[in-house]
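The structure under discussion appears below in the form of structure tokens.
The values are calculated or read from the model by the stated rules, or taken from the named source; none is laboratory data. Everything numeric in this text was worked out from a predicted model, so none of it was measured. Cβ sites come from the backbone with ideal geometry, for glycine too, and all protein chains shown count toward neighbours. Just so you know, the surface numbers come from the protein's heavy atoms only, side chains and all, with ligands and any DNA or RNA stripped out. Shrake-Rupley method; radii C 1.70, N 1.55, O 1.52, S 1.80 Å.
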Amino acid sequence: MASLSKPSLPSYLCFLLLLLHVSSSYGGQFRVIGPSHPIQALVGDAAELPCRISPGKNATGMEVGWYRSPFSRVVHLYRNGKDQDGEQAPEYRGRTELLKDDIGEGKVTLKIRNVRFPDEGGFTCFFRDHSYQEEAAMQLKVEGFGVHVQNMQDSCIDPFYWVSPGVLVLLAVLPVLFLQITVGLVFLYLQHRLRELSVGTFSPYKVFPQCQSRKSLFLPAHHLLFVTKRRGESSKEGKLRAEIENLHRTFGCFHEYRT
């Protein structure tokens, strides 16, 4: 029976190197855990977004950051032991702070000051150790608009709180209705006067007694029509000219009557 050959020393060395490589690769893996529920914040207040790695380990030498979609806008970035403020999106410059009190245990918190409505939505936290990176998503919910409106309503007294909406609508419609009625009456009055002029029976000095002294200035429409015919104008043009001249004299008397 052939005896089994003993493994050589180079084989042992290769096997040990393989174990070290596998253990080191698995040892570098971790999970990133964010809050399981949306973070709520009021407009103008500060919001804190916690993030950690599991299993916990010192993350001082790691790259830690938050970004938002679309286009992976950088909210805050920590690299080489420093905050990289120059790589932030313009809307977050001067408003973020990375709380690193527990970074030795793999726990960090992003603080966003002066929360605004555009801040609402999704954020992504990531930890990068050399070439290995893991991420966790979280949500920020911004509230406060209704609260601000309610405070404004409480601080301002509506002088028309006792008026029903129907009455307010009626008060808004009445001036327009009155204007339409007035325009309609004026139109009917002018239409009636023009009809009288067309038959030559309208006499301004009957309506305005103060025009008796100017009685000779007013001519019946058919007299003026005769004059215009002598000028060579058509009957329609002459009739229109007669009506316009009498209307001009009528409004002149009306102006004197009012003054």
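Side notes on the structure shown:
- Residue check, ASP119 closer than 16 Å to VAL32 by Cα, open to solvent by less than 60 Å² (accessible area, probe 1.4 Å) and charged (D, E, K, R): no
- Candidate set: segment 92-111, residues that are charged (D, E, K, R) and surrounded by fewer than 13 Cβ atoms within 10 Å (Cβ to Cβ); chosen: the one farthest from PRO35 (Cα to Cα): ARG93
- From ASN114, ASN58, residue being within 25 Å of GLN40 (Cβ to Cβ), out of contact with any strand residue (DSSP E or B) (no Cβ under 8 Å at 6 or more places or on another chain) and surrounded by fewer than 14 Cβ atoms within 10 Å (Cβ to Cβ): ASN114
- In summary, strands (runs of 3 or more DSSP E) completely within segment 58-144 and bearing 3 or more residues that are among the hydrophobic types (A, V, I, L, M, F, W, C) occur at 73-79, 107-112, 121-129, 132-143.
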